[in-house]
1. With the condition being open to solvent by less than 50 Å² (accessible area, probe 1.4 Å) and out of contact with any His (no Cβ under 6 Å at 6 or more places or on another chain), I'd like the strands (runs of 3 or more DSSP E) fully within the range 1-56 carrying at least 3 qualifying residues.
2. If L73 satisfies every condition in (1) open to solvent by 20 Å² or more (accessible area, probe 1.4 Å); (2) in a strand (DSSP E or B); (3) not small (G, A, S) but one, which is the exception?
3. Which residues, taken from the range 84-105, are farther than 17 Å from V6 by Cβ and crowded, with 16+ Cβ neighbours inside 10 Å?
4. Working only within the range 68-124, note down all residues that are polar (S, T, N, Q) and over 13 Å from the mean Cα position of the chain (by Cα).
5. Does T59 qualify as being open to solvent by less than 80 Å² (accessible area, probe 1.4 Å) and more than 22 Å from I4 (Cα to Cα)?
Amino acid sequence: MTKITVNPDCGNSPKMIFLKKFNIAFAKGSVDFLIESVTDTITWSIIGDKKIEGKEKFTEVLELMKTQLVSELIVHQIVSHGKAGAVNGVLKMQNGKTYAFSDFYEFNSAKGLKIKSIASYVIQI
């Protein structure tokens with residue numbers, strides 16, 4: 001079971017609540033929710049590692065990543081404004097590794113809840 005800790009200030013707008021759910025789904029390996037939450041032309045840049053383009057490739061990467069089990073997700077901050085959003089926090093893995101992350105999101109529209117692009121900065125700590 002994945003322990004989830006989210007700063008109480010991380011959820012006072014629909015986009016912030018959505019980003020909270022999106023990150024929890026990522027930590028729990030809920031691939032179906034993640035796939036439903038992105039556009040067909042999703043671009044995910046994992047800075048310094050790789051760039052994933054399109055929903056099919058996004059799905060393939062998520063399926064591979066869900067084997068890496070997360071023991072704890074700590075969300076420090078979620079912000080959103082217009083078509084943009086950001087989340088930062090820490091992932092503690094069951095294999096003992098810990099990663100700090102910052103993800104920057106672009107939505108398909110200011111009112112929409114489909115993610116068009118993600119830029120992820122991840123470092124092992």
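1. Because the criterion is at least 3 residues that are open to solvent by less than 50 Å² (accessible area, probe 1.4 Å) and out of contact with any His (no Cβ under 6 Å at 6 or more places or on another chain), the strands (runs of 3 or more DSSP E) in the range 1-56 that meet it are 38-46.
2. (1)
3. Passing the criteria: only F104.
4. Passing the criteria: Q68, S71, S80, Q94, N95, T98, N108, S109, Q124.
5. yes
The values are calculated or read from the model by the stated rules, or taken from the named source; none is laboratory data. Keep in mind that this is a model prediction, so the values were computed, not measured. A quick note on method: Cβ atoms are made from the backbone with ideal geometry, for glycine too, and the neighbour counts reach across all protein chains shown. Keep in mind that these areas ignore ligands, DNA and RNA; they rest on the heavy atoms of the full protein, side chains included. Shrake-Rupley method; radii C 1.70, N 1.55, O 1.52, S 1.80 Å.
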